[in-house]
Each structure stands twice: as C-alpha cells, then as structure tokens.
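A short worksheet on the structure shown next.
The values are calculated or read from the model by the stated rules, or taken from the named source; none is laboratory data. What you see is a predicted model; the values in this text were computed from it and never measured. Quick reminder, even Gly has a Cβ in these numbers, built from the backbone with ideal geometry, and neighbours come from all protein chains shown.
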Amino acid sequence: MTLAQKIRYLREVEGSLRGLGRSMTQQEMLKAIRKETSKSISQSYLSQIEGGKRRHMTQSTRTLLAKFFKVHPGFLVDDPEGYHTELTSDLRTTEGQLDVWLLQGSESFAGDREVSDVLIKLARQKDTRRCFLLVGEILNTPGLADRLFEALRPGSPAGPGSARWGGSPGSVAPLYRRQARAHHVHAEADETEQRRRDS
C-alpha cells in the first residue's frame, strides 16, 4: 500500500468509527485534528499526500497523523515494492504490520459489524501485539473465555455455552457451582486441620 492509499483508508475507518457511515472528508478530518490535538495540517498538504504528489511527510506530520488515527507512525509510509509482511520480524515493524492486517481484516468483515469494529479497536491499541498475547493467555486458561464473556456480555446468544464457543447451553453455571463447591470443601478442610492443630 502507498502512503496515499493508507491515509484514504484511515479516513474511511475513522468515518466508520465515528458513526458517519462513510469516509471522513479531508475537511472533517482536519477539523477533528485541530479540535482533538490543537495542531493543524493544511488541506493542500494533505491533498498532495493523498494525490501521490508528495510521497513523504515531515516527522511531525507523521507523528500527528499517527496520534490522530491511533496507529504506529511506522505504518504511515509507502510499503516498498515486493514487500511481504511475513518477511519482517523486528518488533516495531510487527506492531505496524499487525495494525495493517487488522484494518484490512475489518474491511473484509464489513458485513459483520461487531467483528469489524473489534478489529479496528485492536488496530488502534497502542500495543496491538500485547493484546494478541493477552487473548492467547485467556484462551490457554480453561473456561476463562467463557467466564469473561458471561461477565462482560451476560445473556448474549454468542456467549459462553453456545455452539460457537464449543460448549453446551448452560455449561457456565455448573462450572461456577463446581468452583464454589471446591472452594467450600477446601475451606472446610482448612478449618478442620486448624482445629486439629489447636486441640
């Protein structure tokens, strides 16, 4: 992707995130930048970038746009010809490439608004890689994904216990009961042991 394509794409994503149902216009974007950062970029400068007449930005502009769009500054450059994300391993580049991959994925899942929005939110996180590692740890802990989903979105049809989660309906409540029972048994055993020691 070229820098111009990335800026246009980010305007589209920003428009979606702000509930416009369309891309933000250049004017809307520049107004929002002024309001939210107290800094500005001229429209002619932005038009030159998006039109491909200006292939590079100043560092201050790159930093400002990265802050506004909540992406890594390294994302806001032309990808070199023949560039493949699989060939890069440096952590800073990985962060930028995760963001690109997520933003492209959000476009692919435009028909599923919830999934598309989650992918955009992930891409906008300061440390996207860490978010992925967190999800991995949640999934590695048996039952945790179900419990979190139930706590954060109670009663949701796509929640724990549904076929989508690989469980059977009502599987979460028995899990809580088993855990509570196990906790109670351990507490009783501790009390019995303490009484035995005291006598």
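Annotations
- Matching entry among R62, R18, R8 (being under 21 Å from D99 (Cβ atoms) and in contact with a Leu (Cβ under 7 Å, 6 or more places away or on another chain)): R62
- Listed conditions (1) more than 25 Å from D127 (Cα to Cα); (2) at pLDDT below 85; (3) buried (at least 18 other Cβ atoms within 10 Å of the Cβ) are all met by G21, apart from (3).
- For L64, the criteria (1) surrounded by fewer than 18 Cβ atoms within 10 Å (Cβ to Cβ); (2) in contact (Cβ under 8 Å) with a residue 24 or more places away in the chain; (3) more than 14 Å from L3 (Cα to Cα) hold in every case but one, which is (1).
- Every pair of residues 6+ apart whose Cβ atoms lie under 7 Å, when the first sits in the stretch 118-131 and is assigned by TED's automatic domain parsing to the domain that holds G96 while the second is surrounded by 15 or more Cβ atoms within 10 Å (Cβ to Cβ) and of a type in the set (K, R): R124/K70
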